[in-house]
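The values are calculated or read from the model by the stated rules, or taken from the named source; none is laboratory data. None of the values given here were measured: they were computed from a predicted structure. Quick reminder, even Gly has a Cβ in these numbers, built from the backbone with ideal geometry, and neighbours come from all protein chains shown.
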Amino acid sequence: MSDSDVRIGVFVCHCGLNIAGTVDCPRVAEYAGGLDGVAHSEDLMFACSDDGQETIKKRIREMGLNRVVVASCTPRTHEPVFRACIEEAGLNRYLYDQVNIREHVSWVHMEDHELATLKAEMLIRMAVERVKYLEPLERKAVDVIQSAAVIGGGVAGISAALDLANAGFETHLIESRPTIGGQMALLDKVFPQNDCAICILGPIMSKVGQHPKINLLTYSEVDDVQGYVGNFHLKVRKKSRFIYEDKCNGCGECEAVCPVSVSNTYEFGLATRKAIYRPFPQAVPNKYTIDKRGTAPCRIACPAHVNVQAFVALLREKKFDEALEVYRRTSPFAGTLGRVCTNPCQTECERGKYDEALSIRNLHRFLADYEREHGGVNVDPITPDKKKAKMKVAIVGGGPSGLACAYDLAREGYPVTVFEARKEAGGLLRWGIPEYRLPRDVLRDEIGILKQMGVTILTRTKVESIDELKEQGFKAVFVATGAPKSRMMRVKGEKAKGVYHALSFLDRVNSGKTVAIGQKVAVIGGGNAAIDAARTARRLGAKKVTIVYRRSREEMPAIASEVEAAEQEGIKIKFLSTPVEILTADKAVSGMKCIKMRLGTPDESGRRRPVPIPDSEFKMSVDTVIVAIGQEVTQDALLTGLEPSMWGTLEVDPVTLATNMKGVFGGGDVVSGGGTAIEAVATGKEAAKSIDRYLRKVDLVEGREEILIPIENIEVDETTFQMHYAPVVRALSMSKRKSTFEEVELGLKEKEAVAEAERCLSCAICCECEKCVEVCKPEAIDHSLRDEIIELDVGAVIVATGLSAYDPSGTREFGYGTFDNVITNAQLERLTNAAGPTQGKPKRPSDHEVPKHVSFVQCVGSRDRRVDQDYCCYIGCANSLKQAVQIKEKFPEIEVTIYAMDIRAHGPGYEELYNRAREMGVVVIRSRPSEVEEVPETKSLIVYAEDLYTGERLETTTDLVVLATALMPNTETAELAQKMKLSTSKHGFLMEAHPKLRPVDSFQDGVFLAGAALGPMDIPKAVAYGKAAAAGAEALMAPGKFFVEPIYAEIDTELCINCDLCSDVCPYGAITGRGEERRVMFELCQGCGTCAAGCPEHAIDMRHFRRQQLMPEIIAAARTGGEMVQ
Amino acid sequence: MKQTEYTPNIVAFTCNWCSYGSADLAGISRIQYPPSVKVVRLMCSGRVDPLMVIESFKNGADGVMVTGCHLGDCHYSTGNYRTKARFEALQKAMKLMGLHPDRLRLLWASASEGQQWAEAIIDMTERLREIGPNPINNGGGGK
């Protein structure tokens, strides 16, 4: 490598005065001439010019030079030029090094010419040391895939795609919105001729949609980009529209029935759109899209997954029967659970994070009550499935679990029989919960739904064994017999007269039997049964009712509103106390001895364990004690043969609910030992799922889980949000509450319910109410569709991801977001657009009146260091002038004022536009307004400004203020730049390889940049950039081959010890094989050199940056200190 | 020699994509800084073998800067993570070599951060003036 016959040529460039103005080039050339190995040294005026290059080539030939060093500008610009130059002279292009004495020396050390010159000399010495060891390298050619990807479907992307497609290249156009068109499609008119934007763009968009060589992927995002020039591999996520594009004909009937509206970003917040929507009438592709963000948190929280958001949305539209029908997709108990459910949905309601959760339970209660008041419960009978006639199902236990199971199975067409031992079905809903919470007829009517559907309910029928059911021909059994036994306290005196246990106590009352109750009642426990027992005792005449609970209020498992209602009825609660003995006299209760408790460490449920405080006993004067400390399963004959759990409940598989007996499943309290009604309903539904699969002989587990996707970021439009609490539900009068069993909670009135439903934030946006599915004649809607990952192999990529407008609520002085009549340019564009929300009349937001005076404020957020955006938005002046002219043309009597620091009217047509505006009477004031205030009565505004020409202070009242806002890069641009390793500028725009000469190239070969993603620009510039990028891509693809830089790693297998340190650090997996076969795959190696830096044996090395080539350079660099010392 | 008079010699390893670009941008923006730094251009900061840093100090460099792209933005995905690990090991070794830890510095600079490049050089030059020249090799000298 290093020969004694190395003949280096050094060429020191003046670059006019750029270098020579600071560095003494002749002296540097002389110094270089004296270095070891340098055969020739001279200084040139412009090395990169034709002349300069000719000189270099001549010297190579004349002097037999075999290495070249050029000291000039940055190699990042002209290294390829000089390499090509020496190649033309017959020298291998890699026997070259370039020294940066301009950007790194002459331009940054302008104060000290002496030191700058010395540094230049030192840098050249470093390069000379390196270049001695450089070796000739051959470039390898790789095939270039003959197709391209354009990311971004705005006007730049569209222009690029069309040119590429017309040239014959397969082009994939990837756009994240459901339609192409970008910002331009949303404009009204474009300057300076004031053409209608969509009129000129629309036909071009259609061409894109129909072009045989363009693969249009809308509503799609790039997830990943791998590969290198000529061979890129993209993973594109095509988001699900939930609509089959080939079936949708754009008729719009779905949109009309959708109950969910959200703010329309295509109207910049001035109007709403439905969850199923089309961005605008000229959208390409002209298909509808469903905006579904996931599953609303309320639906996920409900154990039975009732579609809460859907029924609330329909309620809001006053479609009460349709809303009730949605509830009934899950269970028949809208009214029952509407009264007694513990509503876990409300705990998770997103609204609760702002003001108060929605009163969801009372909303579906309202729907049930509404039906009762308007004709009563009426459900169609189900036609049984003939094929399933022999698949009889027996359900033992007519409580909520069993009934829910029957409901689902009946709807699948199975013949179902429910066996209920008591005289009436309902389980604890009928026999446990008191009537003042759940009136009998509400429950009866909802159980009646099952009967109307064709389910057989046999009351007063106790099943003794599973076998007897099998003998009767039942093919599957669901055991849901509950846990109706009360748990014993196990204290002395528990068997005395006057001691009751909650479940049997409530059962007796609910059976209409008399119960002897004293005057002073103590209820032991803190759950719902305790509250029910206490409030029932009150109604039976007890004067003093006290609940005794061993923990504190925070740990009480009872529903908070129930506890509150009990206290309102005069019931007292003694916390942190528990009985140790029931005192008796004549075998009847005479009092109760209790002990005080304190809270210790938490137990398995997470609640703090109560610990008795020694010597803190006290006596309570009571004559009745009701024990409500929990439920137990009775050891029925039915359960013989079925495996019990260690707590005495029925043991079942947690997923399938199968017991140890084939075809027998279990659920509800008999399995859980005591849960809520909605949990019981949920298990009943799971059992139905299992039984259905069991009878169809399908796997019980695979694919059974309902797919619920939590929403990562629930978007709430905070500008339109208003705090508003839930209505207080009317209740029965207190006098009646203490003496009768009449229903206490009276529910919501219609007006209240609809208003409450309006508070719903529509978290998931599309709620899957499926009204759209019902009206779609081509059957194009399918809510089960999912995102698709599409993999593309392309040779070139064009990034044209565009920009977005600045949100001016940041610069609070202009009142955007607070004052109604302060809008942005983009919003005004929609107001003057005939297809916009006001059909082309610039009506102001507060009163929809046409303003008499409009003011434009320029440079809002632009040229502003306070928000780190000190660049000009390029189009603000022209845009406002255009809009001012538009207003004046249609409404000449409207006064228009523009407050601007400058008017930037560049290029042909713009000065004319400015003059036309002035002639039409638009007043331009040179100023920067300091503040905008609102006049509260009229909602008009006062603009405070100083006229910089006259020095006058101005206070002008105006009806509408329009802010010309700054332009910023899209958030998508930043993400994509990271994925593709594209450089971004200080403000986040993409950075081109050279601002003057390479405006559409990125630093990555094969990746081109176009349009406003590079910085604010107008439409013709964006189109030009798009076409230029296409030309660049075509130039890359057309030859079919690309020369890969031979800067890659190599392994000397003699030295390699196969330690794998190199392959561990290689980001491209380019190292393969072992022993003698170990090698670097040059197509994958990108030449970073990280492997070489870590090899302990110096076995793997980077060509052109080898250890032997770099070390001499580094040592020379380190040793230059001596000469620099003064 | 007076310590305040000497121009420290800093060897800076740069990567072709980000930090070399930031040095270029400082030049294009005409931001002035002392002529202390000698840039060694590499494709990636991951190419910096710790031995290169040690050789620099051995041969008299007053300071060494290892520079590259910001973490997460490496042109070669993960190269600069290795740089960071190697740098941290070198930092520990500085004491063993009898060198002041401030002689070794890590700088992540993107191609649009010309100002930061200049500031880093100004800063380090100032610091090296305070600490004095490299005790090894009497601060350079000799070819």
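Against the conditions (1) touching a helix residue (DSSP H, G or I) at 6+ places or on another chain (Cβ under 7 Å); (2) surrounded by 18 or more Cβ atoms within 10 Å (Cβ to Cβ); (3) more than 13 Å from chain A (Cβ to nearest Cβ), residue B:124 satisfies every one except (1). In region A:701-760, of all residues being among the small types (Gly, Ala, Ser) and in a loop (DSSP other than H, G, I, E, B), the one that is nearest to residue A:688 (Cα to Cα) corresponds to A:703. When residues in region B:28-40 are screened for being surrounded by fewer than 23 Cβ atoms within 10 Å (Cβ to Cβ) and either in a helix (DSSP H, G or I) or more than 7 Å from chain A (Cβ to nearest Cβ) (or both), 3 of them pass. Against the condition of a type outside the set (A, V, I, L, M) and closer than 20 Å to residue A:592 by Cβ, how does residue A:538 come out, does it pass? Taking the combined requirement at face value, the residue satisfies it. When the residues of region A:367-393 are filtered to those that are β-branched (Val, Ile, Thr) and within 24 Å of residue A:321 (Cα to Cα), the one that is surrounded by the fewest Cβ atoms within 10 Å (Cβ to Cβ) is A:383. Scanning region A:851-883 for residues being assigned to a helix (DSSP H, G or I) and farther than 18 Å from residue A:838 by Cβ gives a total of 10.
Does at least one position in region A:1091-1106 carry a residue that is under 39 Å from the mean Cα position of the chain (by Cα) and at negative phi? Yes, region A:1091-1106 has at least one match. The set of residues in region A:225-280 being in contact with a Lys or Arg (Cβ under 6 Å, 6 or more places away or on another chain), modelled with pLDDT under 95 and of a type in the set (A, V, I, L, M) consists of A:225, A:270.
Checking A:53, A:98 one by one, the residue that is of a type in the set (S, T, N, Q) and part of a helix (DSSP H, G or I) is A:53 and no other.
For region A:454-486, the set of residues classified as assigned to a loop (DSSP other than H, G, I, E, B) and polar (S, T, N, Q) consists of A:459, A:461, A:465, A:472, A:481, listed by residue number.
Scanning region B:59-74 for residues that are assigned to a loop (DSSP other than H, G, I, E, B) and more than 8 Å from chain A (Cβ to nearest Cβ) returns B:69, B:70, B:71. The set of residues in region A:409-430 that are assigned to a helix (DSSP H, G or I) and surrounded by 21 or more Cβ atoms within 10 Å (Cβ to Cβ) comprises A:409, A:410, A:428, A:429, A:430. Condition check: within 14 Å of another protein chain (Cβ to nearest Cβ), part of a loop (DSSP other than H, G, I, E, B) and touching a residue at least 24 places away in the same chain (Cβ under 8 Å). Does residue A:104 satisfy that? The answer is no for residue A:104.
The residues of region A:1112-1126 that are more than 18 Å from residue B:104 (Cα to Cα), facing another protein chain (nearest Cβ under 7 Å) and modelled with pLDDT of 90 or more amount to a single one, A:1113. Scanning region B:3-19 for residues that are more than 7 Å from chain A (Cβ to nearest Cβ) and not in a loop (DSSP other than H, G, I, E, B) turns up B:3, B:4, B:10, B:12, B:13, B:14, B:15, B:19. None of A:623, A:615, A:653 is of a type in the set (D, E, K, R) and in contact (Cβ under 8 Å) with a residue 40 or more places away in the chain except A:623. Within region A:285-319, the set of residues being assigned to a loop (DSSP other than H, G, I, E, B), crowded, with 24+ Cβ neighbours inside 10 Å and of a type in the set (A, V, I, L, M) comprises A:296, A:306. Residue A:532 passes every criterion in (1) farther than 23 Å from residue A:343 by Cβ; (2) touching a residue at least 24 places away in the same chain (Cβ under 8 Å) apart from (1).
So residue A:975 fits all but one of (1) surrounded by 16 or more Cβ atoms within 10 Å (Cβ to Cβ); (2) assigned by TED's automatic domain parsing to the domain that holds residue A:223; (3) not in a loop (DSSP other than H, G, I, E, B); what number is the exception? Among (1) surrounded by 16 or more Cβ atoms within 10 Å (Cβ to Cβ); (2) assigned by TED's automatic domain parsing to the domain that holds residue A:223; (3) not in a loop (DSSP other than H, G, I, E, B), the lone unmet condition for residue A:975 is (1).
Restricting attention to region A:268-284, the residues being crowded, with 22+ Cβ neighbours inside 10 Å and out of contact with any Phe, Trp or Tyr (no Cβ under 9 Å at 6 or more places or on another chain) number 4. One residue is enough: does region A:124-145 have a residue meeting the conditions within 14 Å of another protein chain (Cβ to nearest Cβ), assigned to a helix (DSSP H, G or I) and without any contact (Cβ under 8 Å) to a residue 12 or more places away in the chain? No, region A:124-145 contains no residue that is within 14 Å of another protein chain (Cβ to nearest Cβ), assigned to a helix (DSSP H, G or I) and without any contact (Cβ under 8 Å) to a residue 12 or more places away in the chain. Those strands (runs of 3 or more DSSP E) of region A:988-1104 in which 2 or more residues are away from chain B (no Cβ under 11 Å) and surrounded by fewer than 18 Cβ atoms within 10 Å (Cβ to Cβ) occupy A:1041-1044.
For region B:42-58, the candidate set comprises residues that are facing another protein chain (nearest Cβ under 7 Å) and surrounded by fewer than 23 Cβ atoms within 10 Å (Cβ to Cβ); within that set, the residue that is farthest from residue A:1085 (Cα to Cα) is B:55. When region A:708-736 is filtered for residues that are more than 41 Å from the chain's Cα centre (by Cα) and over 25 Å from residue A:334 (Cβ atoms), the ones remaining, listed by number, are A:733, A:734, A:735, A:736.
Remark: residue A:116 matches the filter, which requires a residue to be closer than 18 Å to residue A:28 by Cα and either at pLDDT below 95 or within 14 Å of chain B (Cβ to nearest Cβ) (or both).
Annotation note: of A:176, A:206, A:220, the sole residue that is within 24 Å of the chain's Cα centre (by Cα), surrounded by fewer than 22 Cβ atoms within 10 Å (Cβ to Cβ) and modelled with pLDDT of 95 or more is A:176.
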